[in-house]
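Notes for the one structure printed next.
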Protein chains: 2
Amino acid sequence: MKIPILRLGRILLVSIQDDLTDNDAMQFQSDLVERVAEIEALGVAIDITALDVVDSYMARVINDTACMVGLLGAEVVICGVQPFVAMTLIEMGRDLLGANCAFNLEQGLEILNRRIATRGDIHIDEDEDD
Amino acid sequence: MKIPILRLGRILLVSIQDDLTDNDAMQFQSDLVERVAEIEALGVAIDITALDVVDSYMARVINDTACMVGLLGAEVVICGVQPFVAMTLIEMGRDLLGANCAFNLEQGLEILNRRIATRGDIHIDEDEDD
């Protein structure tokens with residue numbers, strides 16, 4: 001199963017519809033990082049609305065993918081985590097650490113756009129002047 | 001004991017009044033995530049003003065709940081941590097990691113509203129002017 005990677009300007013959208021096998025996951029990750037590098041994507045939205053169950057393996061795949069994309073320098077948002085999925089992930093002691101979460105793709109894109117617009121503005125302390 | 005979940009626009013308020021049993025905690029968590037998903041809540045304020053003691057189990061329940069809600073894409077603020085509770089939590093080596101804290105519900109709502117308005121902005125501190 002090949003996961004389609006859609007382009008929206010400098011943002012990439014991927015939607016995971018089903019559990020991935022080891023090979024699928026590796027293929028997906030390499031496709032995605034290639035594509036991010038190719039178009040110098042600024043953001044990636046990973047939509048998992050269709051996943052009713054996320055086991056420990058899939059959680060790791062999603063986390064790893066988010067971290068890989070983050071290492072390339074793009075922002076990542078994971079969209080559409082289902083309530084039951086959130087509960088089981090936390091109960092398993094897992095989390096989706098590599099990224100922000102958003103309720104749906106629309107909100108995810110909003111967050112991405114905003115993060116991209118304010119990139120580098122990590123004001124821990126604000127300056128008095130300027 | 002059922003914990004009431006109040007709605008205030010796109011924000012949910014929950015107030016934990018007492019220690020929860022295992023079953024209560026699971027029921028509460030599943031009620032809350034369902035409700036967040038249902039109204040696509042943007043923020044959740046968990047008020048624990050009434051808790052004079054938070055043991056290790058309750059700390060985990062609060063943390064897990066905050067993480068679950070975060071996975072769905074909502075902001076979370078924990079309100080009203082009592083001084084003694086703060087001391088014992090830290091002495092136990094526990095923390096409330098999943099969320100920001102606020103002194104009371106009013107401040108919690110303020111923080112939530114501001115976080116929602118600037119979602120995706122990576123500002124840890126807000127600017128004076130916007």
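Okay, here's what the table says:
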item	result
Sequence-separation-based contact order of chain B, relative, with Cα cut under 8 Å and 6+ spacing, percent	23 percent
Computed helical MRE - 222 nm, chain A, DSSP H runs ≥ 4 contributing -39500 (n - 2.57), nearest 500	-14000 deg cm²/dmol
Shape category assigned to chain B from the gyration tensor of Cα positions, a/c cut at 1.5	oblate
Nearest-10 value in Å² for the accessible area of A:Cys67, using the 1.4 Å probe	70 Å²
B:Ile78 long-range amide H proximity, modeled H, under 5 Å	B:Ile46, B:Asn100, B:Cys101, B:Ala102
Mean-position separation - Cα centroids, region B:1-33 and region A:13-28, in angstrom	35 Å
Counted charge near A:Glu91, where neighbours are those whose Cβ lies closer than 14 Å (Asp, Glu -1; Lys, Arg +1)	-2
Most mobile listed residue (A:Val76, A:Val14, A:Val44) in chain A, GNM with C-alpha springs under 10 Å	A:Val14
For B:Leu6, inter-copy label distances in nm, listed shortest first [label point 7 Å out on the Cα-Cβ vector]	4.0
Accessible-area composition of the protein assembly as shown, carbon plus sulfur, in percent [1.4 Å probe]	51 percent
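The values are calculated or read from the model by the stated rules, or taken from the named source; none is laboratory data. Being a predicted model, the structure only gives us computed values, none of them experimental. Because the Cβ atoms are built from the backbone with ideal geometry, glycine has one as well, and the counts that use them run over all protein chains shown. To get the accessible areas, we keep the full protein, side chains included, count just its heavy atoms, and leave off ligands, DNA and RNA. Shrake-Rupley method; radii C 1.70, N 1.55, O 1.52, S 1.80 Å.
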